[in-house]
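Novice: Could you have a look at this structure, given as structure tokens, before my questions?
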Amino acid sequence: MGLSVAPVWGPPGLLLTVALCPALTLYLAEALAPAHRDYCVLGAGPAGLQMAYFLQRAGRDYVLFERAAGPGSFFTRYPRHRKLISINKRYTGRTNSEFNLRHDWNSLLSHDPRLLFRHYSRAYFPDAGDMVRYLGDFASRLGLHVRYNTTIAHVTLDKDRQAWNGHYFILTDQKGQEYRCSVLLVATGLSVPNLVDFPGSEYVEGYESVSVDPEDFVGQNVLILGRGNSAFETAENILGVTNFVHMLSRSRVRLSWATHYVGDLRAINNGLLDTYQLKSLDGLLESDLTDLAVVKDPKGKFHITLKFYVEGSNQSAEAIPLPQDDSDNFAMRVAYDRVIRCLGWNFDFSIFNKSLRLSSGGEFSKKYPLVRPSYESKGSRGLFVLGTASHSVDYRKSAGGFIHGFRYTVRAVHRLLEHRHHGVAWPSTEHPITQLTSSVLRRVNEASGLYQMFSVLADVILLKENGTAFEYLEEFPMQMLAQLETVTGRQARHGLFVINMEYGRNFSGPDKDVFFYDRSVGYTEDAWQSNFLHPVIYYYRHLPTDWPLPRPAAIHHIVEDFLTDWTAPLSHILPLRRFLENCLGTDLRSFYAESCFLFALTRQKLPPFCQQGYLRMQGLVGTGGLRQHRVESGLLQDYAAAGKRREDSGQRPGFHEPVDRPQAPGPLDQPLTSNKEEL
């Protein structure tokens with residue numbers, strides 16, 4: 001059966017057009033509208049994949065955009081000499097997976113034990129190609145929603161009161177297709193080479209493009225600008241073939257084993273320090289690069305001079321004055337064959353519209369976008385920065401710019417988003433107060449997030465009313481402690497403990513001698529002077545309201561330990577338990593039923609363990625010792641003695657004293673004379 005349509009210019013056709021016009025307009029509007037996602041993630045590097053994993057496990061609507069054909073595109077090129085400086089410690093002697101992550105700096109967090117980096121490389125410092133392979137498997141095995149070969153070229157805002165954050169993020173790709181997102185998670189890393197503008201900078205080769213073949217540097221004089229790991233990595237590659245390598249930077253070299261910051265110079269790359277200090281021609285110099293200039297002579301050699309010599313001058317290269325003209329022992333008076341720039345990387349702000357106000361100036365305005373302690377942009381609500389680019393929160397303080405650190409900050413961001421947009425409270429576990437000491441000890445001895453993100457992420461213990469129980473929250477951003485109730489959905493009405501890992505206050509720094517003779521602390525009374533990473537517990541009666549944290553009601557340092565194993569009964573456990581007991585005004589020990597009965601007779605307040613035991617209706621088996629105590633206290637008659645008299649006088653010949661059947665031997669009745677007895 002056919003369907004006839006009247007001409008549009010006739011009255012029936014006109015009526016049909018008018019009737020269909022609103023529906024047609026709505027259909028076209030919906031067809032042309034940008035595809036919507038609740039969460040958009042930019043960049044399929046480690047941080048982007050980690051966030052995609054958490055979103056997928058939570059069943060959220062998300063998409064991950066990646067400009068390359070596969071994940072981890074940064075590692076296909078960098079580091080240029082292919083050796084990562086993130087350690088891959090495959091053996092620890094432990095079977096605890098959380099503890100092992102403390103020493104695995106490459107794995108992402110997942111439920112799949114196959115996706116641990118130790119299955120991908122046997123090298124302690126693995127090859128970058130292994131990281132590319134690992135990230136590819138992480139994305140494919142977990143079925144993450146990644147749109148490859150999609151370059152987001154522009155991001156802007158579309159204000160809408162109905163949106164989660166009062167606006168949507170509109171993303172435009174290289175083909176002009178638009179996507180609309182409620183929340184934008186930027187994990188693009190640092191990708192723009194850091195350039196310094198000075199006369200002659202056009203002659204400088206960049207780390208991103210310079211040859212990595214040592215044969216190209218045979219017999220040459222080389223000057224490297226920079227003093228980070230990329231600079232020393234480049235020098236390490238050519239030390240054996242060059243005449244010499246000079247390294248010039250604005251400030252002195254910072255060694256990671258002195259600063260305890262993994263982004264500073266690592267020992268694996270510091271061969272030039274040996275050759276400099278042992279006077280084998282190579283050397284380090286400090287000067288502000290913006291005060292210098294590079295001059296190229298007719299032979300193609302490069303000379304270092306001062307910037308004010310060349311400014312406003314039209315002289316030929318031969319006529320430009322050189323510092324050695326005035327000072328004949330000028331350190332860089334030699335000519336160089338190559339000048340290489342290794343000055344690190346900056347965040348790419350170019351794709352973000354000014355309406356997002358992603359950077360608002362400050363110390364990190366060029367290198368990092370400015371973010372809050374929640375990793376949310378200071379300029380746009382709902383825009384979060386993840387991974388290396390989020391390092392402004394803990395720059396030079398912790399490991400938030402590296403995989404082994406930001407895998408935990410990404411998880412913290414996800415937990416914040418779960419509560420903000422889906423009403424899911426921050427994960428927690430509730431325990432009776434008698435398990436407080438053991439809970440703290442378990443975390444400080446096993447937790448990787450606390451260990452790697454020291455002084456940034458902390459565990460928080462929320463005490464319940466009457467101090468009978470507590471709620472344990474893991475790896476909460478310390479700088480957000482004042483907002484804890486708002487952002488977690490948990491209540492902190494009866495006091496709290498904050499468990500953090502810290503280095504000694506005066507132990508880290510480029511000018512510190514971290515190998516001085518008495519560098520370690522071994523006595524519990526000196527625990528507050530511990531230098532190496534150790535647990536610190538803060539007690540607050542009320543939730544702090546600002547940052548930096550105010551002075552706590554009490555503070556406890558667990559003395560540093562050479563093995564980072566805080567399980568010594570006298571040095572670690574006993575002082576911690578006493579601290580917690582003093583804060584709570586109670587006894588946290590466990591007792592046998594007989595002791596609980598004795599306490600009931602002699603104390604006004606029972607220890608929590610005994611209270612909980614009675615609530616569970618745990619009985620008490622009579623013992624000879626208990627009966628004797630009752631007799632001595634005058635509570636009961638000495639029936640045993642009376643029975644003995646009857647037996648001696650021939651009465652009740654069949655009477656027998658009941659056999660003692662204690663559940664377990666009771667604690668010492670005598671006063672404690674040592675810490676060992678108390679334990």
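Only the coordinates and a few stated rules stand behind these numbers; no lab work does. It should be emphasised that the depicted structure is a prediction, and the values quoted were computed from it without experimental measurement. All Cβ positions, even for glycine, are placed from backbone atoms using ideal geometry, and neighbour counts span all protein chains on display.
Novice: Where the centre of each part is set by its Cα atoms, how far does segment 325-351 sit from segment 103-130, in angstrom?
Specialist: Going from one Cα centre to the other spans 36 Å.
Novice: Provide, for q = 0.21, 0.26, 0.29, 0.31 Å⁻¹, the log10 of I(q)/I(0) from a solvent-free Debye sum over equal Cα point scatterers in segment 476-515.
Specialist: -0.74, -0.94, -1.07, -1.15
Novice: Determine Rg/Rh for segment 434-550; Rg is computed over alpha-carbon atoms and Rh is the Kirkwood hydrodynamic estimate from the same atoms.
Specialist: 1.01
Novice: Step through the table entries Lys159/Lys378; Lys279/Lys512; Lys354/Lys397; Lys279/Lys301; Lys354/Lys378, compare each Cα-Cα distance with 20 Å, and write down the pairs that go over it. Please report the intermediate quantities before stating the final value.
Specialist: Details: Lys159/Lys378 17 Å; Lys279/Lys512 23 Å; Lys354/Lys397 30 Å; Lys279/Lys301 24 Å; Lys354/Lys378 13 Å.
Correct reply: Lys279/Lys512; Lys354/Lys397; Lys279/Lys301.
Novice: Using the Kirkwood radius built from alpha carbon pairs, what does the Stokes-Einstein equation give as D for segment 331-457 at 37 °C and 0.692 mPa s, in µm² per second? Mind showing how you got there, number by number?
Specialist: On the way: Rh = 17.5 Å.
The Stokes-Einstein estimate is 187 µm²/s.
Novice: Segment 148-177: which trypsin sites (Lys or Arg not before Pro) are DSSP loop and have at most 12 other beta-carbon atoms within 10 angstrom?
Specialist: Arg161, Lys175
Novice: So, one more: Determine the shape class of segment 513-593: with a ≥ b ≥ c the square roots of the Cα gyration tensor eigenvalues, call it rounded for a/c under 1.5, and otherwise prolate if a/b is greater than b/c, oblate otherwise.
Specialist: oblate
Novice: Something else now. Classify segment 223-328: rounded, prolate or oblate, from the alpha-carbon gyration tensor (a ≥ b ≥ c, eigenvalue square roots; a/c under 1.5 rounded; otherwise prolate if a/b is larger than b/c)?
Specialist: It comes out prolate by the Cα gyration axes.
Novice: Find the all-direction average of the projected area of the Cα convex hull for segment 339-407, expressing the result in square nanometres with one decimal place. Working shown, then result.
Specialist: Values: hull surface 23.1 nm².
Averaging across all directions leaves 5.8 nm² for the Cα convex hull.
Novice: Express the Stokes-Einstein translational diffusion coefficient of segment 79-180 in µm² s⁻¹, to the nearest whole number, given a Kirkwood radius over alpha-carbon pairs, 25 °C and a viscosity of 0.890 mPa s.
Specialist: On the way: Rh = 16.8 Å.
My calculation gives 146 µm²/s for D.
Novice: Apply the a/c threshold of 1.5 to the C-alpha gyration tensor of segment 150-189 and tell me whether it is rounded, prolate or oblate. The partial results should precede the final answer.
Specialist: Values: a/c = 3.02, a/b = 1.59, b/c = 1.90.
Oblate shape, in that a/c is at least 1.5 and b/c is the bigger or equal ratio.
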